[in-house]
Structures are given as structure tokens and as C-alpha cells.
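Q: Can you keep this structure in mind? I'll have questions shortly.
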Amino acid sequence: MLEIKNLHAKINGREILKGVDLTVRAGEVHSIMGPNGSGKSTLAQVLAGRESYEVTEGEVLYRGKNLLDMSPEERACEGVFLAFQYPVEIPGVNNTYFLKAAVNAIRKYHGQEELDAMDFLALMRSKMKLLDMDEGLLNRSVNEGFSGGEKKRNEIFHMAVLQPALAILDETDSGLDIDAMKIVANGVNALRGPDRAMLVVTHYQRLLNYIVPDFVHVLVDGRIVRSGGKELALELEEQGYAGIEGEAAQLAKA
Amino acid sequence: MTETMTRNDTRALDGFLQSFKDLEAGWSKNGQGWLQPVRRAAIARLADIGFPTVHDEDWRFTSLAPIVRTAFQPAVGAAASVDAGSLAPFAFAGCDCTCLVFVNGRFAPELSTSSLLPAGVRAGSLAQTLADDRAALEPHLARHEDFQQEAFSALNTAFLTDGAFVSVPRGIVVEKPIHILYVTVPGSAAVATHPRTLVVTGDGSQVSVVEDFVSLGDGAHLSNAVTELVVGDGSVVGHYLIQRESRQAYHVSTLRGQQGRSSSLTSHTVLLGGALTRRNIHPVLAGEGGECLINGLFMANGLQHMDNYMKVEHASPHCESRQVYKGILDGKSHGVFHGRIIVHKDAQKTDAKQTNMNLLLSEDAQIDTKPQLEIYADDVKCTHGATVGQIDEEAIFYLRSRGLAEASARALLLYAFAGDMLQRMKVEPVRRHLERLVTQWVPQGNLLEGVR
């Protein structure tokens, strides 16, 4: 589903990604772990089409198409979804209206008819239940005045409504208490399926107790330095990133 | 601002002085003789002080050059030329409210519509009331707005002839808004109108009044309006002003509120039209415990100039005032927000707050924002804040990442910025009407269909 080959990206002249290779097949959940500043969020943002990052080398194929040629909205319409690390507050834009516009933009892209108000409401209701969302949040401006946990839950709610093929979760666990994390994980797990794939970016292993990955990759200084199964996450939890960072530094020297 | 000194250009002033002489004889014949001393005092004052220049602190950011160099003709009645259908777009859908139509400053009963008003409520022509029942007007008319200091108020008072008069007796609640439509039909020469509105509300009454300025056709004209709003004790008044005149119109309008004890005045201003607009809002919180909310939205593009001047006077203790103004400026337009708060010596426990937020959509658009606090009491809470910014690119990316096209995302964010001001409007048919106007203004606002 997703093939990242030798991806290099920079922002403000500083190179952040220094040759990332990663292949994600349909049905798989991959976790990207790594210390702060290693480029995890940059990778997520580049995949979603953030224009402030400049891709200087490499390519990304998504379902066989060149992802990097697509605008952010085309990527969304093609089924790529990024759950933001810092969801943006948008005063004055009603959460429900916004989601309806998003759903219908995507349907239109695929030549489908727009959902009418009743069908849309039914869809919202079922997903709200899944994420134990307070109906009040739907009628408020997008993320405005939401607590950290509410914002993250709202991201997963958006994801549940939009049903992407490739979901990228950027530190969705940060700032969540254990109850909220379980709810978020439920929402994510409900989306897992043979036709979908997920990239779960996280600093801590904690979330991976609830969203169990098929593969874990460790990103250090803009490169994936180790890959393994879910047990790699546990190892990192015990030993921290220091050991791996040391290895990476050695690698870079050599 | 780039204009040179304009004090010496007296074409407008000379024209007005001449018009006054021409009209004076006629006025004394039609039963309005009692107003003559007031008119004379006003024209004498105008002749004395002339029009302000950018050297006057209150007019620093607004050059009146295009106005003072134009010899305006008095507007002549043109109601006969106006087809009722041409006014239909200005009506508020779903609201069979009273609509008083004035064409070139004169009441046009044949174009106006009335709905049933509660007993004792009056909504009609000021000229008619001047002729029939001047006792109802004398205690209020020209008693509050100070034409000694303000040239445009002096000008309006000198030519005071007609406009709307609304009066609500004590304890009466008027449910439907009263729509006052000031229509100008421009002619080959630039014309000036001086509509005067007087709203008097009894103790504990409630009413909403909408003043709506439109042009039918092209051609330069000046609308110089003054509204006096006399709000009784405990009375709740909503006032709306919509400025949607043509791009050749000059518009100066002043709202002067005189508020009784525990009264509440909410003023909404929406500026969309005109070449040069100056909107003055001057409430005086004269009785204890009054509150005043002043909301404004100004949206300019092209070469439009929109100047918002507030003077909020706290004259009694325990009063609260809130000013929230938002500007969206595109093209080479120029916006001004000048928010003055005056807290008098005895106005202890004043709570005054002022916010001005602006979005600049182009490199050449300009905003001048200036708070001005004058506080003579020692136990008060006054805050002010202003922001100037561009559309949040972070938010654009967020919306796009969910599938919205970039143009839709931009339209949506712009609408949201403005929409916040519309949400504050309690009269639903008016709010919906304005939502439509704002949507039409927003570049690619058609993309908002299904998004709002």
C-alpha cells in the first residue's frame, strides 16, 4: 500500500529526514518510534502533504501512485488520513459542518452522491458512540476550547467517520490518560482490517499495549535504524533510546 | 493620508451653505418653523468649524478630500421612479416586519410596508411627526448628538427634514424588527441626503431597529445620517446598521445612544459598501448599571476605505461596555478602528472591554487600529486588545488534510472569522440575510454551500 524509498526532506534548509525506507502492506499496523527530534512527526507531515517541508530526494508510492505529486486534499480523497499531533483550533467552523464537507468532498472525488443530512447524522451517531463522544463537542467549533484529550479523541472521530485506507497517527497518545487512551485505541482497532493500513507514530510504548503493531521501526536522526516485531517496543521501553542512539551514531560515523 | 491639506477646498461647504439658503424659505412655510433656530445654529456652526482634516486627531487615518471637493446637490424626491420590485432584494426573508422606506431622504409610504405593532408603538416618518406632533419630538430630537463639535452632525442637523421616528411606550415589547431602508437614487450630479432617525424607548420596553443603506444605480452620493437612540430605564434595544451602498457612495453615519439606568443597548454594524465610509458610535451610559455591546464587521476590497470610530462614555457607576470589531481587508482597501473609552469621574466600577481583530488578505491592504482610554475614575476595569493577521496556514493545511480543496478551506476560514460576528445577532431573519451577504462577499463564497 505504501512504499517509501530513500526519502529525504528538509525544512528551513535543515535536513530532517535522511533517507527513510519503509514498506507497509494492506492489513498491517506499523509503529514508528524514536526519540524527540528524530523526524517522526516530519515523516507523518510529509506523507500528508505539508508544503513547508521540501522533499529533496526519494519517492513515496501509495497504491502504486506517486504520493508526493498529490495535493493534501487529493491524498485525503485517495484515503490518506493524518491524525495531528497538535490538532488545530478553528474558531467559527462547526465540527459537524466541517466533517460533512469533508465526507462529501471525498465522495464527490469518487463520483459518489453527497450524503444527505439524515444519512450523515446516522453515520455521526454511530461513530460518536464508538468513541464515547459528548454530543456537545459536535456542535462546537472544531477543537476550539477542547481539552487535550478531547482534541485527540476528535481526531480519531474524524478518522472513524472518513474511513481512510491509510491512517497515520502522530503521537495520538501524548497527553491522554489511560481511560482516554483505551477509547482512542478502541476507535483505531475498530478501523483495522485487511484493506487498511496504519502508521502509528509514538514516543512511548504505552499506546502499543492497546494498538498492537505488526512491526515496530525505530527512527533516529532521520533514518530507520532498527525494525522488528512488537517485542522491539518493549525492549525500547526497558532500555530507553540511549542505546539505540549510540548505535546510530556509530553507524553514522562508519 | 497621502492627500495634501484639504482645509482650503470649500466646494462642498460652499455648496451646503448655498443649499441651506435656497431651502430655508420653504421650510418655514411647511409648519416646521420651530426647528428653524436649531437648523440655523447648526449651519452657523458648520460654517465656523468646517470639515475636519487628517490633522484632527479623530480623523487622522481618513482623508475627506473626495467629499470636501464635491459640490453636492440636495437630493430630490425620486420615489416615483422606484419600482417596489427593485427593493425586494433588500427585504429580510421570513419576516413580515414593518419596513419604512425612504428615497433620497424622504419617506415613501407607497413603498413601505407595515405590520401590526403593539398598541402605542409608533414607527413612521419624522417629517410627518414634525408636522403633526412635534411635542413628541422636542424633548429628544437634536438634544443628544452634539453638533457643536461634529461637522457632519451639524450638517445633518442643518438639513434635518425627514427620517424615521420610532417610539415604544413603557413596558412594551416589540417582537419583530423595524426595518428602515434608506435608498438613494443617484442623479447626474452628486447628491447628498441627511437622514435623521430618532428612536425613543420607554422604561422596560424592548425593540430592535435596523437601518439599512442602499443605492439604486450608479453615481456619486453622500449619505450623512444621524441617529439618536434614547433608551429608557431597563429598556433593551438592538440596533443594526447595514452599509451596502454603491462603490461610488460616501457614507458618514453616527449613532448616538443615551442610556437610562439598567438599560441595554446592542449595536451591530456591518460595512460592505461605499467608497468611503465613516461610522461613528457614541453611546453614553448615563444611568447606573447600564450595559452596551458594540459589535462591528467591516469587509473591504478594491479601494474602499472604512473608518470605525467609537466613543463609549461611561458617565455612571456599575456600567459595562463591550466592543468587538472585526475587519477583513483585501485589495488596496484601508480600514480604521479607533476605539475611545471615556470613564467619567463618578463612573466607579466601570467594566469596559475592547477587542479589534483584523485579517489582511493582500499585501496592499492596510489597517490602522487605535485604542484610546481616558479614565477619570479610580476603581475601574478597562482592557483593550487588537490583532492584525493573515489567514492561518496551519488551519488551511488541517482542513485540506481532511479532503477540502484549498479554495474551499480559505473561503470557510474567512467566513468563520466573520461569522462569529453574525452569531451575536439575535434577530434571526436579519442574521440570515447578512450571512448571505457575507457569503457573497467572500472570494469563492459559492464553495461554502453545504459547508456552512
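Q: Return the residue satisfying two criteria in turn: it lies in the range B:78-124 and is in contact with an Asp or Glu (Cβ under 8 Å, 6 or more places away or on another chain) and among the polar types (S, T, N, Q), and of such residues it is modelled with the lowest pLDDT.
A: B:115
Q: So in the range B:386-431, with the set limited to residues that are assigned to a loop (DSSP other than H, G, I, E, B) and either under 32 Å from the mean Cα position of the chain (by Cα) or surrounded by fewer than 16 Cβ atoms within 10 Å (Cβ to Cβ) (or both), which one is farthest from the other protein chains (Cβ to nearest Cβ)?
A: B:427
Q: Taking the range A:79-89, which residues are over 10 Å from residue A:106 (Cα atoms) and either more than 7 Å from chain B (Cβ to nearest Cβ) or assigned to a helix (DSSP H, G or I) (or both)?
A: Once the filter is applied, which keeps residues that are over 10 Å from residue A:106 (Cα atoms) and either more than 7 Å from chain B (Cβ to nearest Cβ) or assigned to a helix (DSSP H, G or I) (or both), the range A:79-89 yields A:80, A:81, A:83, A:85, A:86, A:87, A:89.
Q: Go through (1) modelled with pLDDT under 90; (2) out of contact with any helix residue (DSSP H, G or I) (no Cβ under 6 Å at 6 or more places or on another chain); (3) within 19 Å of residue B:396 (Cα to Cα) and name the single condition residue A:92 misses.
A: Just one mismatch for residue A:92, condition (2).
Q: Does residue B:142 meet the test of being at positive phi and surrounded by 15 or more Cβ atoms within 10 Å (Cβ to Cβ)?
A: Answer is yes for this residue.
Q: Hey, another quick one. Identify the single condition in (1) touching an Asp or Glu at 6+ places or on another chain (Cβ under 9 Å); (2) modelled with pLDDT of 95 or more that residue B:210 does not satisfy, given that it satisfies every other one.
A: With respect to (1) touching an Asp or Glu at 6+ places or on another chain (Cβ under 9 Å); (2) modelled with pLDDT of 95 or more, residue B:210 is out only on (1).
Q: Which one of A:165, A:102, A:160 is at the interface with chain B (Cβ under 9 Å from one of its Cβ atoms) and touching a Lys or Arg at 6+ places or on another chain (Cβ under 6 Å)?
A: A:102
Q: So, one more: Just to be sure I understand, how many residues within the range A:188-208 are without any contact (Cβ under 8 Å) to a residue 60 or more places away in the chain and either buried (at least 16 other Cβ atoms within 10 Å of the Cβ) or over 27 Å from residue A:158 (Cβ atoms) (or both)?
A: 3
Q: Having 1 or more residues that are farther than 27 Å from residue B:191 by Cβ is the bar; report the helices (runs of 4 or more DSSP H) wholly within the range B:103-166 that clear it.
A: B:126-132, B:134-137
Q: Criterion first (in a strand (DSSP E or B) and modelled with pLDDT of 95 or more) does residue B:247 satisfy it?
A: no
Q: How many residues are surrounded by 19 or more Cβ atoms within 10 Å (Cβ to Cβ) and in contact with a Ser or Thr (Cβ under 8 Å, 6 or more places away or on another chain) if we restrict to the range B:173-191?
A: Going through the range B:173-191 one residue at a time, the tally reaches 12.
Q: Let me ask something else. Name every residue in the range A:179-219 that is of a type in the set (Phe, Trp, Tyr) and at pLDDT 90 or above, in order of residue number.
A: If we filter the range A:179-219 for residues that are of a type in the set (Phe, Trp, Tyr), which is where we start, we get A:204, A:210, A:215.
Selection gives A:210, A:215.
Q: Here is a check on your reading of the model: is residue A:188 touching a Leu at 6+ places or on another chain (Cβ under 6 Å), under 22 Å from residue A:63 (Cβ atoms) and not in a loop (DSSP other than H, G, I, E, B)? Quick ask: steps written out before the conclusion?
A: Working: touching a Leu at 6+ places or on another chain (Cβ under 6 Å): no; under 22 Å from residue A:63 (Cβ atoms): yes; not in a loop (DSSP other than H, G, I, E, B): yes.
When the stated conditions are applied, residue A:188 does not pass them.
Q: Of the residues B:383, B:369, B:355, which is within 23 Å of residue B:331 (Cα to Cα), within 26 Å of the chain's Cα centre (by Cα) and of a type in the set (Val, Ile, Thr)?
A: Working: B:383 fails: within 23 Å of residue B:331 (Cα to Cα); B:355 fails: within 23 Å of residue B:331 (Cα to Cα).
Testing whether each residue is within 23 Å of residue B:331 (Cα to Cα), within 26 Å of the chain's Cα centre (by Cα) and of a type in the set (Val, Ile, Thr) leaves just B:369.
Q: Ok, one more. May I ask you to say which residue of B:300, B:249, B:275 is more than 15 Å from residue B:144 (Cβ to Cβ), surrounded by fewer than 23 Cβ atoms within 10 Å (Cβ to Cβ) and touching a Leu at 6+ places or on another chain (Cβ under 9 Å)? Explain how you work it out, then say what you get.
A: Details: B:300 fails: surrounded by fewer than 23 Cβ atoms within 10 Å (Cβ to Cβ); B:249 fails: surrounded by fewer than 23 Cβ atoms within 10 Å (Cβ to Cβ).
One residue alone meets the criteria, B:275.
Q: A follow-up question, please. I'm checking my understanding of the structure. Among residues of the range A:50-60 that are in a loop (DSSP other than H, G, I, E, B) and touching a strand residue (DSSP E or B) at 6+ places or on another chain (Cβ under 8 Å), which one is nearest to the other protein chains (Cβ to nearest Cβ)? Give the steps one after another, and end with the answer.
A: Pass one, the range A:50-60, residues in a loop (DSSP other than H, G, I, E, B): A:50-53.
After this cut, where a residue has to be touching a strand residue (DSSP E or B) at 6+ places or on another chain (Cβ under 8 Å) as well, the list is A:52-53.
Working: A:52: 8, A:53: 11 Å.
Step by step, filter the range A:50-60, then rank; the result is A:52.
Q: Any residue that is in contact with a Leu (Cβ under 7 Å, 6 or more places away or on another chain), assigned to a loop (DSSP other than H, G, I, E, B) and away from chain B (no Cβ under 14 Å) - is there at least one of those in the range A:61-70?
A: Within the range A:61-70 (the criterion being in contact with a Leu (Cβ under 7 Å, 6 or more places away or on another chain), assigned to a loop (DSSP other than H, G, I, E, B) and away from chain B (no Cβ under 14 Å)), the answer is no, since none of the residues qualifies.
Q: Next up: Taking only the range A:133-170 into account, find how many residues are surrounded by 14 or more Cβ atoms within 10 Å (Cβ to Cβ) and outside any helix (DSSP H, G or I).
A: Final tally of qualifying residues: 15.
Q: Given the conditions (1) within 11 Å of chain A (Cβ to nearest Cβ); (2) surrounded by 16 or more Cβ atoms within 10 Å (Cβ to Cβ), report the number of the one that residue B:377 does not fulfil.
A: (1)
Q: Would it be correct to say that residue A:76 is more than 21 Å from residue A:158 (Cβ to Cβ) and either within 15 Å of the chain's Cα centre (by Cα) or assigned to a loop (DSSP other than H, G, I, E, B) (or both)?
A: No.
The values are calculated or read from the model by the stated rules, or taken from the named source; none is laboratory data. Everything quoted here is computed from the prediction, not taken from an experiment. Quick reminder, even Gly has a Cβ in these numbers, built from the backbone with ideal geometry, and neighbours come from all protein chains shown.
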